[in-house]
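Report on the structure given below.
The values are calculated or read from the model by the stated rules, or taken from the named source; none is laboratory data. Since this is a predicted model, take the numbers as computed values, not measurements. Backbone-built Cβ (ideal geometry, glycine too); neighbour counts: all protein chains shown. Protein only, heavy atoms only, side chains kept; ligands, DNA and RNA dropped before computing areas. Shrake-Rupley method; radii C 1.70, N 1.55, O 1.52, S 1.80 Å.
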Amino acid sequence: MPRRRKQRRPPVPSRSFAEEWEPIITTKKRRRRRRLTTTTETLTSPPLPTLSSDIVAEILCRLPVQHLLKLRCICKSWKALISDNKFIEKHLIMSKASRDRHHLTIYPRIDSHDLELWDSIIPTVFSSTMSSSTVKQTRLWCPNVFNNFVYLCSCDGILCFTIMYRSVLLWNPSIRRFYIYPPLPIKDERRESEYSFGYHHFTQSYKIVAVTNFRAKRKNEVRVYTLGMDSWRRIKDLPYSDFIIRPGVFVSGTITWLVYDATITSKHFIISLDFENESYQKLLLPNVETDTCMLGVLRDFLCISASTDMFVDVWIMKEFGNKESWTKLYQVPYCTGVRGLYPRHKALYISNDDQLLMIFRDSRQLKLGVYDFKSGTFNMSKIESFNSDYMDPEVYVESLISPCS
Amino acid sequence: MAQEASSSTSSKTISLKTGDGEIFEIEASAAKQMKTVQRLIDDLGDDITIPLHNVFSKELPKIIEYYKKDITGEITKDFEAEFVKDLNDDEVKVLFLAANYLDANKLFEFLSQNIADRLESKSVEYVRKYFGVENDFTPEEESKLREERAWSFRGIKEDE
């Protein structure tokens, strides 16, 4: 579609909207963090001033990703700003703090080729529990790969999937970019691999961690792929020899797994891999009277959802690594009807006003709802045709981060 | 009862003079929240009228109103919603720039968020005009960018 233009203007110099305004009274103190710009200075209200790029960044970092992608075509310096790493980081920080930038995805458990993901924003999930309206969902465009995907985990807006447990696909649904990483350099086929994904703050890089269990050898080999490098690097084996059933979660600069000690204690415990020194730590769970536990992350804290007969106890580890800091946040009563076999109840997300989004699931049912601590009530979320044929819903945050190596 | 402190400035007022020559009074504790004003006070003393060449009589009273509420700890979501309710997009922008100039952090962040909320569903053309930015893409470059992200261009509301 041709744009309507009066006349072709000459290219704008890079500082077109950053004319500096020198204050008439200069202060001896440090220079201001942000520059004000103005086109003229008169005694009446001036014509509306143009804004410098750091002020623009303050506004833009609060916008949803979809809108920012549109705004890339405003001008060249805005395009550069929106792709700038510092801006992307700032945007991520704002996203993480905003309920409006968090999404819930659900997908049916189907054995076909195409992945079908349904997405809704968290505020609508919460508000549907208090009204009769159903949650508005949009179907997410998915990478066009003809193999079975399994969702594993997410970090900073990037979803991590495995394709047939042989390779990893990282995908940022907000910017619609994905990348398939090379498979592990392991020839032996009698093995199972599980993958996790997280961020190493110190080197400012994302890492995929692969744990491969060799049935015959009874050990778990661990390899790390750093985005930006192009190979898997082997590190120390996991101090645990059985197969790890669930992917680890990224929390506090570590990948952390919940594992079961079948031999000695017959209890669950936690193993965590620190990205910084690539060493392992064993952690104990809080004193829960049940074996039915799910590991998760709530607001950057490691979280255990422990299902007892009547309740789900939600615990967080306030100081990572310190067993004494396990704190029981809530005791959520079961929602009606979900008290069957193989419970996998899990706390998913907590809002700033202490409303907890939870999954209740057993062998026959899957329900999603919000627990309000202040009133002690649990309200169901109305998601159309959501049933036990669906995988566990997940929460992710919008971001501009590229999943590509 | 006002404090009779020799060192306390809690009951003291500061005079601020706008770029168009009007004078407004503000409590010293509120002035502290505006770092630019505080720096000027530190340099010039708190007895003289502080000149604010880049803030005008239309905006300053609104800013003073905000910080009056802030020092008594009464800023709520309802107050903030009411504060911007009758302002149009351009008026908010002028206030936002004034808050930036005054280095008034709390108001600046609140208005950043408010502007972002207003712009969330506006078109590219509107945003360009709003920020006074010139498009330096060629028509071909721009249409290529739009095509790449055609999916993100749906769902825009009518420009007001």
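Per-structure values
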quantity	calculated
Members of segment B:133-155 found to be surrounded by 15 or more Cβ atoms within 10 Å (Cβ to Cβ) and either at pLDDT below 90 or part of a helix (DSSP H, G or I) (or both), listed by number	B:Glu142, B:Ser143, B:Leu145, B:Arg146, B:Arg149, B:Ser152, B:Phe153
Any hit, segment A:363-381, residues being modelled with pLDDT of 90 or more, in a loop (DSSP other than H, G, I, E, B) and exposed (fewer than 15 other Cβ atoms within 10 Å of the Cβ)	no
In segment A:272-299, the residues that are open to solvent by 10 Å² or more (accessible area, probe 1.4 Å), within 17 Å of A:Tyr349 (Cα to Cα) and either touching a helix residue (DSSP H, G or I) at 6+ places or on another chain (Cβ under 7 Å) or modelled with pLDDT of 90 or more (or both)	A:Cys293, A:Met294, A:Leu295, A:Val297
Residues being assigned to a strand (DSSP E or B), open to solvent by less than 80 Å² (accessible area, probe 1.4 Å) and of a type outside the set (S, T, N, Q) - total across segment A:195-245	21
Considering residues of segment A:73-88 that are surrounded by 16 or more Cβ atoms within 10 Å (Cβ to Cβ) and in a helix (DSSP H, G or I) only, the residue farthest from the other protein chains (Cβ to nearest Cβ)	A:Ile88
Restricting segment A:62-72 to residues that are buried (at least 21 other Cβ atoms within 10 Å of the Cβ) and outside any helix (DSSP H, G or I), the residue that is nearest to the other protein chains (Cβ to nearest Cβ)	A:Arg62
The listed residue being within 17 Å of B:Val127 (Cβ to Cβ), at pLDDT 95 or above and not small (Gly, Ala, Ser), out of A:Ile55, A:Ile59, A:Ile93	A:Ile59
Residue within segment A:107-114 that is closer than 20 Å to B:Ile115 by Cα and surrounded by fewer than 20 Cβ atoms within 10 Å (Cβ to Cβ) present	no
Check on A:Ser307, open to solvent by less than 40 Å² (accessible area, probe 1.4 Å) and in contact with a Pro (Cβ under 6 Å, 6 or more places away or on another chain)	yes
In segment A:139-172, residue most open to solvent (accessible area, probe 1.4 Å) [restricted to those that are outside any loop (DSSP other than H, G, I, E, B) and among the β-branched types (Val, Ile, Thr)]	A:Val150
Identity of the residue in segment A:47-56, open to solvent by 10 Å² or more (accessible area, probe 1.4 Å) and of a type outside the set (S, T, N, Q), that ends up nearest to B:Glu91 (Cα to Cα)	A:Leu48
Residue satisfying condition, being at the interface with another protein chain (Cβ under 7 Å from one of its Cβ atoms) and open to solvent by less than 20 Å² (accessible area, probe 1.4 Å), within set B:Leu97, B:Leu102, B:Leu107	B:Leu97
Residue ID - surrounded by the fewest Cβ atoms within 10 Å (Cβ to Cβ), chosen from residues in segment A:348-362 that are assigned to a loop (DSSP other than H, G, I, E, B) and touching a residue at least 40 places away in the same chain (Cβ under 8 Å)	A:Asn352
Filter pass, A:Glu384 being of a type outside the set (Gly, Ala, Ser), surrounded by fewer than 15 Cβ atoms within 10 Å (Cβ to Cβ) and free of Cβ contacts under 8 Å to residues at least 24 places away in the same chain	no
Neighbours by Cβ (under 6 Å, 6+ apart or cross-chain): first from segment A:283-302, closer than 20 Å to A:Leu356 by Cα and among the hydroxyl-bearing types (Ser, Thr, Tyr); second open to solvent by 20 Å² or more (accessible area, probe 1.4 Å) and not in a strand (DSSP E or B)	A:Thr292/A:Pro343
Verdict on A:Thr265 being farther than 24 Å from A:Met164 by Cβ and under 22 Å from the mean Cα position of the chain (by Cα)	no
Subset of segment B:67-115 [hydroxyl-bearing (Ser, Thr, Tyr) and more than 30 Å from B:Arg128 (Cβ to Cβ)]	B:Tyr67, B:Thr72, B:Thr76
Residues satisfying the stated conditions in segment B:27-41, i.e. more than 19 Å from B:Lys62 (Cβ to Cβ) and not charged (D, E, K, R)	B:Ala28, B:Gln38, B:Leu40, B:Ile41
First in segment B:23-37 and among the acidic types (Asp, Glu), second anywhere and open to solvent by 80 Å² or more (accessible area, probe 1.4 Å), Cβ under 9 Å, 6 or more apart	B:Glu27/B:Lys68
Tally of residues being within 11 Å of another protein chain (Cβ to nearest Cβ) and polar (S, T, N, Q) across segment A:89-98	1
Count - residues of segment A:176-194 that are open to solvent by less than 10 Å² (accessible area, probe 1.4 Å) and out of contact with any Lys or Arg (no Cβ under 9 Å at 6 or more places or on another chain)	1
Matching residues in segment B:28-59 - criterion: being away from chain A (no Cβ under 12 Å), open to solvent by 20 Å² or more (accessible area, probe 1.4 Å) and either touching a helix residue (DSSP H, G or I) at 6+ places or on another chain (Cβ under 6 Å) or modelled with pLDDT of 90 or more (or both)	B:Ser29, B:Lys32, B:Gln33, B:Thr49
Residues located in segment A:246-271, provided they are outside any loop (DSSP other than H, G, I, E, B), of a type in the set (A, V, I, L, M) and open to solvent by 30 Å² or more (accessible area, probe 1.4 Å)	A:Leu258
